[in-house]
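Scroll down for the structure; my scribbles are underneath it.
The values are calculated or read from the model by the stated rules, or taken from the named source; none is laboratory data. None of the values given here were measured: they were computed from a predicted structure. Every residue, glycine as well, gets a Cβ built from its backbone with ideal geometry; the counts of neighbours run over all protein chains shown. In case anyone asks, the SASA skips ligands and DNA or RNA and just uses the protein heavy atoms, side chains included. Shrake-Rupley method; radii C 1.70, N 1.55, O 1.52, S 1.80 Å.
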Amino acid sequence: MSRLLQEIRHNPLLWLLGFVPVVLVGQKVEPEAHTLLFVLSILAIVPLAALLSHATESVAARTGDTVGGLLNATLGNLTELVIALTALGAGQYMLVKASIAGAIVTNTLFMLGASFLLGGLGHHVQEYNRINARLQASLLFLATIALLIPSAVSQADFTEGAAFTRQLSVGLALLLIAAYGLGLLFSLRTHRELFASAEHAEPGEAPWPMGLAVTTLAGVTLLVALVSEVFVESVQKAAEAFGMTPAFVGFIVVALVGGAAEMASAFSGARKNRLDLSVGIALGSASQIALFVAPVLVLLSYVIGPAPMDLQFWPGAVVMILVATFTASLVTNSGRSAWFVGVLLLMVYLIFAMTLYLLPPRAH
Amino acid sequence: MSRLLQEIRHNPLLWLLGFVPVVLVGQKVEPEAHTLLFVLSILAIVPLAALLSHATESVAARTGDTVGGLLNATLGNLTELVIALTALGAGQYMLVKASIAGAIVTNTLFMLGASFLLGGLGHHVQEYNRINARLQASLLFLATIALLIPSAVSQADFTEGAAFTRQLSVGLALLLIAAYGLGLLFSLRTHRELFASAEHAEPGEAPWPMGLAVTTLAGVTLLVALVSEVFVESVQKAAEAFGMTPAFVGFIVVALVGGAAEMASAFSGARKNRLDLSVGIALGSASQIALFVAPVLVLLSYVIGPAPMDLQFWPGAVVMILVATFTASLVTNSGRSAWFVGVLLLMVYLIFAMTLYLLPPRAH
Amino acid sequence: MSRLLQEIRHNPLLWLLGFVPVVLVGQKVEPEAHTLLFVLSILAIVPLAALLSHATESVAARTGDTVGGLLNATLGNLTELVIALTALGAGQYMLVKASIAGAIVTNTLFMLGASFLLGGLGHHVQEYNRINARLQASLLFLATIALLIPSAVSQADFTEGAAFTRQLSVGLALLLIAAYGLGLLFSLRTHRELFASAEHAEPGEAPWPMGLAVTTLAGVTLLVALVSEVFVESVQKAAEAFGMTPAFVGFIVVALVGGAAEMASAFSGARKNRLDLSVGIALGSASQIALFVAPVLVLLSYVIGPAPMDLQFWPGAVVMILVATFTASLVTNSGRSAWFVGVLLLMVYLIFAMTLYLLPPRAH
């Protein structure tokens, strides 16, 4: 426990933990102060996500390469999963889908782009192991096809539409989870030597002891769930107050909040010329959300949600995911990077953000 | 002739030839037993296609490299051509188009994917000459554009639509055949040294004597035509009986039946670590259907069919061909393969098959 | 001045300058002879564009590498810019957009394809520096996304559409100009060593003296503006007389006329086995139009035009730009070329030209 306090004292990001009790008390006292609660819940989620991420990696580091890799691969986006589950329970399918699509786009364009830019400002040309980038890009590409085909095929109006979409979504969800599992088998077991340099944990940071890590994992997950509830309840009204469209909030704000901790690691890796780490975090996280978090949410919606959720996304979101995946696959193809590659990725992200910001609310 | 019988005795696939007389007699006796006739005609076409394929290769092997290459390139998909011509004569344009699109998708995803998977199960990493893969992928890409542009451009409703589509289809058909011919000139004549290792025939199998090969070619083509007639007549009703959508039958069933013989060769090549062969058969066959069989069918529809056939495909089919071509081009870009690459291709194929299987009949 | 006359005497293309006074007088005498004026104005623009191009390069050569590179990058498509500005002033937004889209497509497919084909007829395999090709293809790709996203996102009907599109277009225009500027910073300054062999000017041609170059630049720009006015006024009616659709004229005819001078340089480079030059001109010119000329026109439309112009293109044009960009990026990926690569690019161009030629006028 003293280890945890010491960590908090040395990491300014974790000082934001003070907002956790504030937001929970705030919701009891002023449940109608949506804008304030929205801001407070964002400030509270960021440090919790950082703790969660560190705890997961510590458990992973203590359990050996294969089990650890598996843990990282399933719990690495626990924050996003908990936020999405809360929204799912509240029946806010639009927000769930927007945050899934937004997380994929933000990780592949913003996190990767900013890593390339930050790294490129300090180093003339950077090289990295492109095998891992190609695997993740391929998985992302598969998920994109799974999102694209149903809408492409079922253009015409037809009454059986809903049943078709629901059946297909369950089938696709199972298929994506299987592909994700086989991808893990490939990269952690049968062809692990190809992925050698793409290790996830930073060597500088010592992992926590097992007991502390597991306790933190459990406790913090609970706190994220509590704060997420405030966040999900307040986000719609707060967005209106800020003049932001719901699409912009789901795509951009939620994704940036949920991924803040991972971004910190990715950017720090890039600055230290360890682009393998940055590319691995950015694309690994994106493919995990597309092939694990999203399908799990579809399946869980049969248990938790007020009604089943399907995998059919708003066409604009599908196009954005498609473009993001394709762009990431294009720029990581060479295994080399310079600052301008980062600029290109960020520009694509800016085009998306600008479009979503200006989009009239009714249109999507 | 004894050579032919000897071949049949040693190849269990050819024992299915016994179904050829059964299906032809069956149609006379029980013309309304659609489901039975459908199954029997499938069982009869598979061995005929294998014989046809071997006869074509034998003639090709006896006539020297260039003429042989040309023969393989024009008669390599004779089975698919005969089936499609039968459907064309019966005015079943939907089935013709579905089987063209399905053959392209099945060859690029299923045949290639299963080859990579089967090869990868026995060999850690396999390498192959990617020059040929790139040529075929480029040709396929060109054909995809030819299928995509007309529908993309003529979105709006307009009355001159039919005439426009018909004129454009003839123009595109001529252009694709020209591109295919120039591609042969490039790979068989001016730059043949680049394609050295991508030879088509297996060295182990001795080609038949010329007389036997030509006789088999002629006789078996006739038999395929007769059996195809039964197949085309029974397929619609049989599909309903099996609960399969027409789209699924055209795309998946017809394509698997027509390509069974080539698949056997491709898979055997992959297992023997001769991926050049597998990739050459899979992508070569796909590009041949897209740039030769499909355009020839459009031109022949002015002679044979009840009305001219155009090249405008159902949008869902265009998207599937586009995705299949793009996926094949992506995975063959590196000239290396492992089992997971095969899994990815098969997963994309499964997404398509699942979507088509679940698709309500009215929707396409 | 005698230098200019000498140049004209030795370059048969410049003999066409005789048509400049003819077309200007013709317009006064026979303002209704649209077809004749259209043909004359084309014959007059081609040599003016060649002079303009040579004058720009001469100024660039005299002002040092960085300033020169910047000049080439901003004035390299002066002819296209002047024609588009004339059409903008006349409120012909359709023609402006068609000529922008057409210039991108013509440069990436026809100019690049014909260069590869001409080069490949004389040389078995040609190599070139693909770094520059990749930069230009990436910039083009970014511009394509900027054209694609607004239409993809705003599919639904909604009343605020016009305001949204206009705001977004200004934002995107500023973003594209910024990307273009950063691209110049990258290729001319921070990473110039990577682009070493992709120089623009031919070593054989001596640059003009500064005075002559600047005078020619100013005088010829004025002449282009005057002739463009005749061209823009006559093009619509002439197209009808020739039986060409407006889409075909804007896309194909205007683009070929405006780019004739650059094509001459690109083709001559390819024949001399200097493909770096050809690829640089073709893709550089395309990305300049997409990221500099088009955004500048959007911004200038607030000053010059009768109403603001947006960046929303006809869906068919977006698909063509997308396909052209993707094709160019695919074929330049390897840095090697043979004649068949040129054939493939030209075939894609032919598909577009044929579709636009046959397209009924109402449909676009």
Handout entry: Approximate spin-label separation B:GLU30-A:ALA241, in nm, with each point projected 7 Å along Cα-to-Cβ
Key = 7.5
Problem - Accessible-area composition of segment B:273-364, carbon plus sulfur, in percent [1.4 Å probe] - result: 67
Exercise for the section: With a Förster radius of 56 Å, plug the Cβ-Cβ distance of B:ARG192 and C:ALA90 into 1/(1 + (r/R0)^6) and report the FRET value to the nearest 0.05. Expected result: 0.55
Completion exercise
Those chymotrypsin sites (Phe, Trp or Tyr not before Pro) from segment C:243-309 that are DSSP loop and have at most 12 other Cβ neighbours within 10 Å turn out to be C:TYR302
Exercise for the section: Using only the Cα atoms of segment C:3-108, construct the convex hull and provide its projected area averaged over every direction, in square nanometres to one decimal. Expected result: 8.5
Problem - Note, ³J(HN,Hα) from phi for segment B:80-91, Karplus 6.51, -1.76, 1.60, rounded to Hz, x at Gly and Pro - result: 4, 5, 5, 4, 5, 5, 4, 5, 4, x, 7, x
Problem - the protein assembly as shown, accessible area per residue, ligands and nucleic acids excluded (1.4 Å, Å²) - result: 37
Handout entry: Cβ-placed point charges (K, R +1; D, E -1), dipole of chain C about Cα centre in debye, nearest 20
Key = 440
Problem - Percent RCO, i.e. relative contact order, over chain A, from Cα pairs under 8 Å lying at least 6 residues apart - result: 38
Exercise for the section: Along Cα-to-Cβ, 7 Å out, sits the label point; list in nm, shortest first, how far the one on A:GLU32 is from those in the other copies. Expected result: 7.5, 7.6
Handout entry: Burial ranking of peptide ranges C:110-123, B:133-146 (average Cβ count within 10 Å, highest at the top)
Key = B:133-146, C:110-123
Handout entry: Inter-copy spacing of A:GLY243 label points, which lie 7 Å from Cα along Cα→Cβ, given in nm from shortest upward
Key = 5.7, 5.7
Problem - Pairs beyond 27 Å (Cα-Cα), from B:LYS97/B:LYS272; A:LYS97/A:LYS272; C:LYS28/C:LYS237; A:LYS28/A:LYS237; A:LYS97/B:LYS97; A:LYS97/C:LYS97 - result: B:LYS97/B:LYS272; A:LYS97/A:LYS272; A:LYS97/B:LYS97; A:LYS97/C:LYS97
Practice task
Compute the convex hull volume of the Cα atoms of the protein assembly as shown, divide it by the residue count, and report the result per residue in Å³ as a whole number.
Solution key: 177
Practice task
Take the alpha carbon gyration tensor of chain B, find the square roots of its eigenvalues, order them as a ≥ b ≥ c, and report rounded if a/c is under 1.5; if not, report prolate when a/b exceeds b/c, else oblate.
Solution key: rounded
Completion exercise
Calculated from DSSP helices alone, with each H run of at least 4 adding -39500 (n - 2.57) and the total divided by the residues of chain A, [θ]222 nm to the nearest 500 comes to -23000 deg cm²/dmol
Completion exercise
Probe 1.4 Å, all chains present, heavy atoms only: C:LYS237 accessible area in Å², nearest 10, is 120
Practice task
Please work out the FRET efficiency for the pair C:GLU127 and A:VAL125, using the Cβ-Cβ distance as r and a Förster radius of 30 Å; give the result to the nearest 0.05.
Solution key: 0.90
Problem - Rg/Rh for segment C:273-364, where both radii come from Cα atoms and Rh is the Kirkwood radius - result: 1.05
Practice task
Pull out a ≥ b ≥ c, the square roots of the eigenvalues of the alpha-carbon gyration tensor of segment A:202-295, then state rounded if a/c is under 1.5, prolate if not and a/b is larger than b/c, and oblate in the remaining case.
Solution key: oblate
Practice task
Provide the gained length on full extension for the span C:LEU185 to C:ALA162, in nm with one decimal, where the gain is 0.36 nm per separating residue minus the Cα-Cα distance.
Solution key: 4.8 nm
Problem - Distance between segment A:47-62 and segment A:252-303 - C-alpha centres, whole angstrom - result: 14
Practice task
Quick one: with label points 7 Å out along Cα→Cβ, list the inter-copy distances for B:ALA218 in nm, shortest first?
Solution key: 8.3, 8.3
Fill in the blank from the handout: Rounded to the nearest 100 Å², the accessible area hidden between C and A, summed over both chains at a 1.4 Å probe radius, is 2900
Handout entry: Axis proximity, chain B to C: residue whose C-beta lies nearest, plus whole-Å distance
Key = B:ASN333, 5
